[in-house]
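See structure below.
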2 protein chains.
Amino acid sequence: MVVGELAHERDLIIIGGGPGGYHAAIRAAQLGQSVTLIEKEQLGGVCLNKGCIPSKVLTNSAETFISMKKTEEIGIESDSVQFNLRKLQAYKMRTINQLREGIKALCAANKVELLAGSAFFLSEDKIGVENGEQYDVFRFKHAIIATGSSPNAPAGIKPDHHRILDSWSITSLEILPEKLLVYGNDYIALEMAFAFNAYGSEVTMVMDQNDFSFDLSINRELKRILKKNQIKVIKSTNISSAYTDGEAVIVSLENKEDSLIGTHLFVSSIPTPNTANIGIERIGIEKTESGFIKVNEQCQTSKPNIFAIGDVTEGPPLAVKAIKQGKTAAEAIAGIFSEADFRFLPIVAHTRPPIASAGLSEQEAIDQGYEISMGQFPLSSNGYAAILGKKEGFIKVIFDKENHALLGMHMIGSGAIELISSGVLSLEMVARDEDLLFPLYPHPSINEGLLEAAEALKNQAIHLPLVTKKERLKV
Amino acid sequence: MVVGELAHERDLIIIGGGPGGYHAAIRAAQLGQSVTLIEKEQLGGVCLNKGCIPSKVLTNSAETFISMKKTEEIGIESDSVQFNLRKLQAYKMRTINQLREGIKALCAANKVELLAGSAFFLSEDKIGVENGEQYDVFRFKHAIIATGSSPNAPAGIKPDHHRILDSWSITSLEILPEKLLVYGNDYIALEMAFAFNAYGSEVTMVMDQNDFSFDLSINRELKRILKKNQIKVIKSTNISSAYTDGEAVIVSLENKEDSLIGTHLFVSSIPTPNTANIGIERIGIEKTESGFIKVNEQCQTSKPNIFAIGDVTEGPPLAVKAIKQGKTAAEAIAGIFSEADFRFLPIVAHTRPPIASAGLSEQEAIDQGYEISMGQFPLSSNGYAAILGKKEGFIKVIFDKENHALLGMHMIGSGAIELISSGVLSLEMVARDEDLLFPLYPHPSINEGLLEAAEALKNQAIHLPLVTKKERLKV
């Protein structure tokens, strides 16, 4: 910046228009701040344009496609059900555009100034924004860094976004892979494995030595369901290299002689925070050992007037976290005490059936020294699941044996994602077993599975046969 | 009973094997009672055989059928989608049989003795059971009356169960009505109106002067959706007579000159409790003015060793109520203090989209003298609803303005039934607005609509434009 150059004055500058950034912008505007939101690519960020939303368009159509093949027994007959990925891509783009226009309109209604460009901190209260030929300098009272993260392929794999795909490019495929290799064991890997399996791709998952990241009962059920869906899983290895050869992707595995051959490889890996090229080192914002921006519970960085939210901060790279942090930072800046607490973060996966989880897993509870009691209820014994023809999965609740407080809730099955809010709210309100046992659950409904899981604690689920104590321990 | 005749000795006799009866039986058995369950028709009662389960088989297939017609934009193409009611009936029977066998197996596993026959109280501790030629007398320590209710057609209408149908026979139709007239404004009338509308019947509803029984905002949205689906509603009248003439049903309306003509008429009306012919007058069990068996909160009748549950007692004739009362009675009999409290009864309707509600409606809250604050969030502004293409409906929360306690939650839209348990649990745990605002909601999910409804209380829903106070009052 040339000395003497005119700086525009702003209350709050937010860098990055992903879910964290735009939630922060709108909440700050609601609280009376004058807000400028800077985005160098597209409003909505990775979540809307390349992540959560596109992937859910895929998982929802996959679920619908599979359901439609099984409707004959409920009296619905159709001649031939075909899937057309190109058409789905058009729907995806329409949905994304419509949601993006919605965010733009909300920003306008809240008088949030939208700027296109790349931002770079010049000092603790000045930022430069470059957009082609245009260069502006803004002086701010507060700033929020919400620059997100980017996929980070492991060594030996270089996505060409055509046959070797990362979590951004997998959702933009227009041609169905014949043989899809999926590398990873996180929820994104699973969602894509199940979706392309539904569409008709031959899917093989490659996992390292770690298990899936859910409660052990869910991991076990998941493996059964993967097998049933003929999704092959190769465990305890890593991909050492991958290259394309014509229409094939050839993959070498550590400690395995034979190569794997697919038509496509999808690599789901932990993303890298986008902390480079925004000048945070220049102004001395502290980072954690793993390279994330260090923040306190109000999302404040080591510079008190600068906040950071979302994937640039430590913790799971989930929109739900970024959104909460965005509101928290906006409220803190507006002088309202607010905290982001991720103890009861709902973790969901739009697999088939879906998975949803909150609080401690069985292993985590044991590791933290709790003596636990557990109840589990299979949806195969739930009347509404029978009507829907969706009898796979279960609901599992984990309680502290001493004070009967709920520690965790884990679900795999139809309705799990909507039902997990019952778990999150119960955990937040420190529910005891009786708080789940006393209320009424609609009949027939999947919700009753939650009641019966809690009843199973005392061996009193109505729709489970009595089991001996010895048998129960095996559940 | 001839003096000297041998009476079999039993701990607990339950009359009626519907949801209330069999839940009572199994819970009592779990608590160590020796139980005899008497059913004169089919195990599972009205709910399983003629009510909740069959109707949900219909509503689920209707929802699926409609969804399948709108899949082309998500890339799923099918040549011709046809609905076959006869095939659905076969599925319904299979589902019912399978669930009934499940209950039988559970009774066996819990050593519940199942008896077929009609029961009649002989004295305060003796009951006669007749089954064809067989007649047995049982002496019991405790008894539970769970004889349910039966449809009760209004004067002037006599169901022939072929063209003039009640809530039992409507779910057994094998041929699709061309023009279905639906008389009633309860949830069963609505479920059947939406289901047959989906299948392709021309549906007309006839309602008396009362509105639908939901919160006024839901009633209003429901009317819009009925209209959009071309379900005609004739309000503020009653059917004075109905008769069949060949393939037609001719219906006369009060204060209307023209008759209505349909091919079928479905009459949904308040059922009558089955209290006749079981000898309760003989042994002096008290009834309420409206003819229900009088019970206390433990479901105990005026005879301390005899309990009554379900539709024979006052309150909404819902399985959820019967189930809770069944467990309560069983626990009370086993000496465990237990209460059935229906303050936060979830009310659901499997309409398109579904409706779910708990706690006070806006009008009820006002009538009870609360000063209220409300938040409402439309699913048209929810990202996940956009992905699903299910943008109709909203979530509404009602709070006590003074102490910020949740009073009621009302939902119409995709996911409402699973989500309502968040409302019921929150109401039971006396949640305040901050208890809904603080927790985390998966992204993207319908659940976020619940958060934004709570945020709308303070005009802080992120995905709603700021509105003036004046505009808010119109919500």
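Values in this text are rule-based calculations from the coordinates and carry no lab data. On a predicted model such as this, the values are computed, not experimentally measured, just so you know. FYI the Cβ positions are ideal-geometry reconstructions off the backbone, even for glycines, and counts take in every protein chain you see.
What is the sum of charges around B:L260, taking Lys and Arg as +1, Asp and Glu as -1, for the other residues whose C-beta is under 11 Å from the C-beta of B:L260? Could you put the intermediate results ahead of the total?
Numbers: positive: B:K179, B:K232, B:K256; negative: B:D258.
Local net charge: +2.
Would you mind computing the Rg to Rh ratio of chain A from its alpha-carbon coordinates, Kirkwood style for Rh? Before the final figure, lay out each step's value.
Details: Rg = 24.3 Å, Rh = 24.4 Å.
On the Cα set of chain A, Rg over Rh gives 1.00.
Could you work out the local net charge near A:E362, counting Lys and Arg as +1, Asp and Glu as -1, over the other residues with Cβ closer than 10 Å to its Cβ? Please list the in-between numbers first.
Numbers: positive: A:K396; negative: A:D215, A:E364, A:D367.
So the environment of A:E362 carries a net charge of -2.
Among B:264-277, B:218-231, how do they line up from the highest to the lowest mean number of other beta-carbon atoms within 10 Å?
Numbers: B:264-277: 20.1, B:218-231: 16.2.
Listed from highest to lowest mean packing, they are B:264-277, B:218-231.
Over region A:164-267, what is the relative contact order in whole percent, taking alpha-carbon pairs under 8 Å and six or more residues apart?
On the way: 181 pairs, mean separation 35.7, N = 104.
With pairs under 8 Å counted, the relative contact order is 34 percent.
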Taking all pairs of different Cα atoms in region A:353-474, averaging 1/r and flipping that mean, what Kirkwood radius in angstroms comes out?
-> 14.2
Roughly what would the spin-label model give for B:S34 and A:E72, points 7 Å off Cα along C-beta, in nm?
-> 5.2
Answer rounded, prolate or oblate for region A:261-346, using the Cα gyration tensor with square roots of eigenvalues a ≥ b ≥ c: rounded when a/c is under 1.5, else prolate when a/b is larger than b/c, else oblate.
-> oblate
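Just need the relative contact order of chain A here, percent rounded to a whole number, with Cα pairs under 8 Å and 6+ apart. Present the calculation step by step, with values, prior to reporting the outcome.
Values: 979 pairs, mean separation 68.3, N = 475.
After rounding, I find 14 percent.
Based on the Cβ-Cβ distance of B:N97 and A:E286, what FRET efficiency does E = 1/(1 + (r/R0)^6) give at R0 = 60 Å, to the nearest 0.05?
Numbers: r = 66 Å, r/R0 = 1.11.
The computed FRET efficiency comes out at 0.35.
Determine the calculated [θ] at 222 nm for chain B from helices alone, applying -39500 (n - 2.57) to every DSSP H run no shorter than 4 residues and normalising by the residue count; nearest 500 deg cm²/dmol.
Values: 13 runs with 146 residues, N = 475.
Taking each H run of at least 4 residues, the total per residue is -9500 deg cm²/dmol.
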Local electrostatic count, B:I398, Cβ distance below 12 Å [Lys/Arg +1, Asp/Glu -1] | -4
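Test of understanding: ordering B:D367, B:D211 by Cβ neighbours within 10 Å, fewest first, what list do you get? The partial results should precede the final answer.
On the way: B:D367 10, B:D211 15.
By the 10 Å Cβ count, ascending: B:D367, B:D211.
Using Cβ counts within 10 Å as a stand-in for footprinting exposure, how do B:V397, A:V233 rank, fewest first? Don't jump to the answer; show the numbers that get you there.
Details: B:V397 27, A:V233 17.
Ascending number of Cβ neighbours within 10 Å: A:V233, B:V397.
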To the nearest 0.05, the calculated FRET efficiency linking A:A405 and B:E247 through their beta-carbon distance, R0 being 41 Å, is 0.05
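Evaluate peptide A:445-451: per residue, the Cβ atoms of other protein chains within 10 Å of its Cβ; return the mean as an integer. Could you put the intermediate results ahead of the total?
Numbers: counts 11, 3, 11, 3, 0, 3, 2.
Average neighbour count from other chains, rounded to a whole number: 5.
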Scanning chain A for helices, which whole DSSP H stretches are 27 Å or more long along the axis (Cα) and average -0.5 or more by Kyte-Doolittle?
-> A:85-109
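Step through the table entries A:K324/B:K458; A:K321/B:K401; A:K294/A:K324; A:K390/B:K396; A:K179/A:K227; B:K40/B:K321, compare each Cα-Cα distance with 24 Å, and write down the pairs that go over it.
Numbers: A:K324/B:K458 17 Å; A:K321/B:K401 30 Å; A:K294/A:K324 17 Å; A:K390/B:K396 29 Å; A:K179/A:K227 16 Å; B:K40/B:K321 22 Å.
Going by Cα-Cα distance, A:K321/B:K401; A:K390/B:K396 fall outside the 24 Å limit.
Assuming a viscosity of 1.306 mPa s and a temperature of 10 °C, what translational diffusion coefficient in µm² per second does Stokes-Einstein assign to the protein assembly as shown, Rh being the Kirkwood radius over Cα pairs? Mind dumping the intermediate values first?
Working: Rh = 30.1 Å.
My calculation gives 53 µm²/s for D.
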Using the alpha-carbon centroid of each, what span in Å lies between region B:169-210 and region B:111-140?
-> 39
Coordinate range along principal axes, alpha carbons of region B:298-382, Å, largest first | 54, 33, 22
Chymotrypsin sites (Phe, Trp or Tyr not before Pro) lying in DSSP loop within region B:86-132, provided at most 15 other Cβ fall within 10 Å = none
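Using a Förster distance of 35 angstrom, determine the FRET efficiency expected from the C-beta separation of B:S150 and B:N459, and round it to 0.05. Provide the component values of the computation, followed by the final result.
Working: r = 50 Å, r/R0 = 1.43.
It comes out at approximately 0.10.
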Cα gyration tensor, region A:226-382 - rounded (a/c under 1.5), prolate or oblate | oblate
Looking at the square roots a ≥ b ≥ c of the eigenvalues of the Cα gyration tensor of region B:164-267, which shape do they give, rounded for a/c under 1.5, prolate if a/b is larger than b/c, or oblate?
-> oblate
